[in-house]
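Written below as structure tokens is the structure these notes are about.
The values are calculated or read from the model by the stated rules, or taken from the named source; none is laboratory data. Values in this document were obtained by computation on a predicted structure and should not be read as measured data. With ideal geometry, Cβ positions are generated from the backbone for all residues, glycine too; neighbour counts draw on all protein chains shown.
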């Protein structure tokens, strides 16, 4: 049995019980999931706004993460600080900021 190899030096009887328990648990979970149906009168949650990480914003703007840090420090880019290390950027607000800050002139070049 391949369980012995994976589980180390456990006795075969314990491995069989553990394997049987796992199969029973999986069966119960599958039955529970099948019995749970989505009621038609259930209210859907409103769509939450999309948030991006610092890396995603930097990649989308084609700049470095350090540039994003500088824009945050200058308060030029909208962001939400969840913890001291976790920062998220509302995608719609970043798009609005970009539309406000950058303009394309007649020759097709971006200007500030």
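Checked against (1) assigned to a helix (DSSP H, G or I); (2) without any contact (Cβ under 8 Å) to a residue 12 or more places away in the chain, residue 83 passes all but a single condition, namely (1). Cβ separations smaller than 7 Å between residues 6+ apart or across chains give the following pairs from the stretch 59-77 residues that are assigned by TED's automatic domain parsing to the domain that holds residue 90 to residues that are loosely packed, with under 12 Cβ neighbours inside 10 Å: 65/55.
Any chance the stretch 30-51 includes a residue that's touching a helix residue (DSSP H, G or I) at 6+ places or on another chain (Cβ under 6 Å) and modelled with pLDDT of 90 or more? Among the residues of the stretch 30-51, not one is touching a helix residue (DSSP H, G or I) at 6+ places or on another chain (Cβ under 6 Å) and modelled with pLDDT of 90 or more, which makes the answer no.
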